[in-house]
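Student: Sharing a structure with you now.
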Amino acid sequence: MLKSINNWCDLPTPMGTFRMYDSGDEGIRIISYGDIYSLTEGSLLRMHSSCLASEVFGAIDCDCADQLREAMKLMAHEQGGLIVHLHQEGRGLGLARKIKAVHLMQYQDLDTHEAFEKLKYEQDIRTYFPVVKLLKHLDVGHVRLLSNNPRKIAFLQESGLKVTTLNTHPNIRPENAEYLATKNDKLGHMLPLEKLSKGKVEFYHSDQPWGELSNFSKHSIFLKNKIWPTVEHYYQAQKFSDTENEELIRRAATPTLAKQLSRNISASLIRQGWPSIKQEIMLEGLRAKFSQHPDLRELLLSSGDQLIAEHTENDPYWGDAGDGSGANHLGRLLMKLRIELNAQAGSLHNTVNRREMCVE
């Protein structure tokens, strides 16, 4: 494995361009954001076991593909990280046994733990020796592990590595809710299944509850006589207004790529006075989004008077820094917009009442 990782190619994805490395073993897939040899202490790591059903065919009764996408998003944001994708279907038991267990879950109303027990399967026989070997070869002794599985944490720690754990955040659906709860209750996982703080609306990933509030949600807007795929496209492009870079960013395939394109353009080309106008530009985009999509307007108004926060450790300016210490400017703008929309609704209501009185 260690000899063959000099064989690599670019891996263009909706989250950015990763690198895929030849591990020398078809069952071990190595993906990094950037040069694998540039990984430093404390790099993000995802040890991910394959799930053919969700990752290839789009099954929605687990959280495997969700976790992989979230890991890729975070690595693209930080512009660094390592994913080791292991061919370990069914928690290491293989695809045939996994199918038997899932069939029992579906047709005998068993949870994943009960199905494994009935079939006399061990609950989890996975091993992560190839990951440890790779990390030691790269001279990385401390990782930030993206996982909710205590067995993964323990395996790395027992191998002499320092581990800081970061939870992945499940996209809870009717099809996977019971499965996720079982992982916590019977397999000891640490999935953060409580989505909302009392009296507070928290959002970050666009495919999770309240994710429609995110700039990255797939809601196009019409501004400056153009259609922008997302608010993030519009915001990033306005740094280079009236230049060819503006159009380049508008045409980016995803909001993540739009943000990366903006980062890669020389800072000297950013329009003059950008720091003083960027919040107003963001508000322009938000106004367009929530006025042009009535369902989103209703969603925002449904938050009542709750605090709205972009809940992430990744951004102390637009977000809350994960612990409430951030400026949360995006949440503040959404609350400002909520006040505006409520005022508009009240004004419209009064106008309708006056017209009805005139008719009478």
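The values are calculated or read from the model by the stated rules, or taken from the named source; none is laboratory data. Since the model is a prediction, treat every value here as computed from it, not as a measurement. Cβ placement follows ideal geometry from the backbone for every residue including glycine, while neighbour counts extend to all protein chains displayed. Protein only, heavy atoms only, side chains kept; ligands, DNA and RNA dropped before computing areas. Shrake-Rupley method; radii C 1.70, N 1.55, O 1.52, S 1.80 Å.
Student: Kindly flag which residue pairs out of Lys218/Lys289; Lys259/Lys336; Lys98/Lys133 have an alpha-carbon separation exceeding 18 Å in this structure.
Tutor: Long pairs (Cα-Cα over 18 Å): Lys259/Lys336; Lys98/Lys133.
Student: Here is a further query. As a test of reading the structure, rank Ile60, Ile28 by solvent-accessible area (1.4 Å probe, protein chains only), most first.
Tutor: Ranking Ile60, Ile28 by accessible area, largest first, yields Ile60, Ile28.
Student: Could you list, in their original order, any pairs among Lys73/Lys186; Lys152/Lys186; Lys73/Lys226 whose Cα atoms are separated by more than 25 Å?
Tutor: Exceeds cut-off: Lys73/Lys186; Lys73/Lys226.
Student: How many angstrom separate the Cα center of segment 302-326 from the Cα center of segment 13-46?
Tutor: Using only Cα atoms, the two centres lie 30 Å from each other.
Student: Give the aspartates and glutamates whose C-alpha is closer than 13 Å to that of Lys136, dropping any in the same chain fewer than 8 places away, or say none.
Tutor: In chain and number order, the partners are Glu41.
Student: Rank-order 274-281, 149-156, 290-297 by packing density, defined as the average count of other C-beta atoms within 10 Å over each peptide's residues, highest first.
Tutor: Per-residue Cβ counts within 10 Å, averaged per peptide and sorted highest first, yield 149-156, 290-297, 274-281.
Student: Which aspartates and glutamates does Lys278 reach when only Cα atoms under 20 Å apart count, and residues fewer than 8 places away in its own chain are ignored?
Tutor: Partners within reach: Glu232, Asp242, Glu244, Glu246, Glu247, Glu310, Asp315, Asp320, Glu340.
Student: Contact order normalised by length for segment 87-179, with contacts defined as Cα pairs under 8 Å and 6 or more residues apart; what percent is it?
Tutor: Result for segment 87-179 is 22 percent.
Student: Given contacts defined as C-alpha pairs under 8 Å and at least six residues apart, what's the relative contact order of the chain, whole-number percent?
Tutor: 11
Student: Treating only the Cβ of Lys, Arg, Asp and Glu as charged (+1, +1, -1, -1), what charge dipole size does the chain show about its Cα centre? Round to the nearest 20 debye.
Tutor: Magnitude of the dipole: close to 400 debye.
Student: Moving on to the next point. If you wrap the chain's Cα atoms in a convex hull and average its projection over all directions, what's the area in nm²? Each step should come with its number before you reach the end.
Tutor: Working: hull surface 93.5 nm².
The orientation-averaged projected area of the Cα hull of the chain comes to 23.4 nm².
Student: Projected area of segment 12-152, taken from the Cα convex hull and averaged over every viewing direction, in nm²?
Tutor: Its average projected convex-hull area is 8.8 nm².
Student: Any aspartates and glutamates with Cα under 18 Å of the Lys3 Cα? List them, leaving off those in the same chain fewer than 8 positions away.
Tutor: The reachable aspartates and glutamates, counting only those whose Cα sits under 18 Å from Lys3, are Asp22, Asp25, Glu26, Asp35, Asp139.
Student: What percent does the relative contact order of segment 185-320 come to when contacts are Cα pairs within less than 8 Å and at least six residues apart?
Tutor: The normalised contact order for segment 185-320 reaches 25 percent.
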